[in-house]
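Heads up, the thing below is written out as C-alpha cells.
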Amino acid sequence: MRAARGIDRRYACLIMNHRLSAQPILLVFLALLTALIVSACNLGATSEGEGELTQEASPGAPPTRTPPGTLTFPTPLPLTSIAQTRQPGIPTSIAGFPTSVLPPASQPTSAPVVPVSIVILSPIPGNVVAGNVQVLGSAQHPQFLQYQLEYAPEPNPGNLWYPATGAIQQPVLNNLLGIWNTNAVQDGTYQLRLRVFLRDGTSLATVVNSIRIQNRAPTPPPSATPNIARPIAAFTMDRNTGQAPLRVRLNNQSTGTVTTYQWNFGDGTTSADRNPRHDFTTPGLYTVTLTVNGPGGTSNVSSQINVQGPTPPNAGFTSDRSSGASPLTVQFTDQSAGNITGYHWNFSDGTGSSDRNPRHVFTVPGTYNVFLTVTGPGGTSSARREITVLGPTATVPPTLTASLVAPATNTSEPTETPTETPTDAPAPTEATPPVASFSASLAADLTIAFTDASTSSSPGGITGRQWDFGDSSPASNEQNPQHVYAAPGAYTVTLTVTDAGGSHSVSQQVDVPAPEPVAVVPEAGFT
C-alpha cells in the first residue's frame, strides 16, 4: 500500500511539473496569436479612410507618405540669419569671405581714370634682348580700332618702321602686347614703337629707344637697375581736327615722378610747359609728341592732329571684294574728291602702297582694316574698309557618277559615249552676288537720309550691309540710316551689301549743303 501511494505521489508531481513547464509555451503561443489577430485587422482595413482624410485636406497636390524608418530633422535655418564675423581691418568680399589686404598703391584711389593708355612697360630703354621678346604694355582708347608693334634701327633718319607683330584688333590693358622675334634681326640698337589706330583714321604711338639686340654674341649679364619707377607719358587734347588756324589745348596726364616735360608739335616748334596750348597755322597732319624725364628714366607718347584748310580733300575708295579665301587678291579703286597730291595705303598686314589704285594680295587669314590717307594743299583725309580673309578651302575630289563615267572596256572595242543630260533637265544655277544701290536725300540741316535700293537673287536675300559715309565716322550696318555730317561739303558714300552669292559695293558723291542762315534779332543794351 505504502509503495503504491509513493508511486502515485511521484506521478502526480511529474504531471504538475509538466503543466508548469508548458505554461510559458502557452503564453508565447497566445502572444503570437494576438499579434496575428492585430496584423490581420490592419491588413483588412481598406483605403477608404485615407481617402476621406485626403478629401478633407486643403486643395493642392496630394501629400506623400514618409517611408518607414525615415528620420525627420528640424529644418535648418538659412545661412543669412547667421551674422558674418570677420577680424577688424580685413575687408570682406561680396560673398562674405575675407580677402587679402594689398599694400596701398602709389597713386591715390581717388585719382581720375584716364581713358587713354598707350604705353610699353617692357622692355625698357637700355635693355639687352635676344630671341623671342615679350612686349608688355597697354593699348586702350575709347575709339580703339587696332594696334601694331613696329621696330626700326636707331637712329632712323628715313622714318622707316618694320612690323614686329601683325595688326591686332583687341585692346589690351597692362598685359601682353605681343612677341617680338629678334632672331632674324641684325645685332644692333633699335627702337620699338606701339602704334594704335583709331576709328577716325588717326593714330597714337609710343616709342622705346635704345634697345640692344644681341643674338650672335653672348649676352652680357644685366647691370643693376635702380629701383626707381620710370614715369609714364600720357596726355589728352581738346580737339584733334579742325580748320587752320587751329588752337589745341594739351592736358598732361603723365604718371610717376616727372622732373621735365618736352613737347614737340611736329611743325618745328617745341614747348617745356606742363599743359601747353599751341596754334597750328598750316594745313597738314601733325604728330605731337610728349617726352617726360624723371629719376627712373624717360618715356614718350605721341598723337596725330589733322589740320585742314578751307577746301580739304575727302578720302574714299571701293574694293572689288570684301571677303574671300586666302590668298585673296583685292583691287582697290580710289574715289577721293578734292585737290589731292599724295596717296598712302595701309593694308594692316605690314605693307602699304602709294599708288592711286593698288592691287593687293592678302595671304594670311584674318580681318584687315585697310586705310587710305590722301594729302593735298587743304590738308589730309582718311577712309577705312574691312577685308575678311578666310582660310583656304580644301579641294573636294569630284564624285564619280554612273552617268558620267564610261564602263571599262577592251581597248580593241570602241568606247561608249556617255549619255548626255536631257535638255529639259534644269541646269544647276550658280549663286550670283547682289547689286548694291542707294539714294540720298536731305532730312535736316547737315543730316542726310539714305535709302537702300539693293537687289539680290539669293533665296535668303541680303544678309549684311555696311555704309561708309566718307567722313571717317564709324560705319553703319542699318538698312536705311540717317547720318549727321559735321560740316557741309561733298562726301563719297559707299554701300557694301552681302548675300550668299558674295558682296558688291557702290559709291556715289553726296553733296551736303550748308544750313540756312538764321536771322539774328539784335538785342539792345548799354551801361
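Laid out as a table, the results:
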item: By accessible area with a 1.4 Å probe, ligands and nucleic acids excluded, highest first: order of LEU33, LEU149; result: LEU33, LEU149
item: Evaluated at q = 0.13, 0.18, 0.26 Å⁻¹: base-10 log I(q)/I(0), Debye formula over Cα of the stretch 119-169; result: -0.39, -0.75, -1.25
item: Solvent exposure ordering (accessible area, 1.4 Å, most first) of GLU478, GLU386, GLU523, GLU516; result: GLU523, GLU516, GLU478, GLU386
item: Ranking by accessible area, most exposed first, for ASP355, ASP499 with a 1.4 Å probe; result: ASP355, ASP499
item: Tail weight of P(r) past 18 Å, computed on alpha-carbon pairs of the stretch 132-263, percent; result: 65 percent
item: Over the stretch 282-399 - Rg/Rh using Cα atoms and the Kirkwood inverse-distance radius; result: 1.15
item: Whole-Å distance, taken between Cα centres, linking the stretch 168-191 and the stretch 321-367; result: 25 Å
item: Protein accessible area in the stretch 255-371, 1.4 Å probe - carbon and sulfur %; result: 45 percent
item: Projected area, mean over directions - the stretch 225-356, Cα convex hull, nm²; result: 11.7 nm²
item: Sum of side-chain charges, TRP180 neighbourhood, beta-carbon under 12 Å (Lys, Arg +1; Asp, Glu -1); result: 0
item: Diffusion constant of the stretch 428-507 at 25 °C, which comes from Stokes-Einstein with the Kirkwood Cα-pair radius and 0.890 mPa s, µm²/s; result: 185 µm²/s
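The values are calculated or read from the model by the stated rules, or taken from the named source; none is laboratory data. Worth saying up front: this structure is predicted, and the values here are computed from it rather than measured. Every residue, glycine as well, gets a Cβ built from its backbone with ideal geometry; the counts of neighbours run over all protein chains shown. For accessibility, only protein heavy atoms count, side chains too; no ligands or nucleic acids. Shrake-Rupley method; radii C 1.70, N 1.55, O 1.52, S 1.80 Å.
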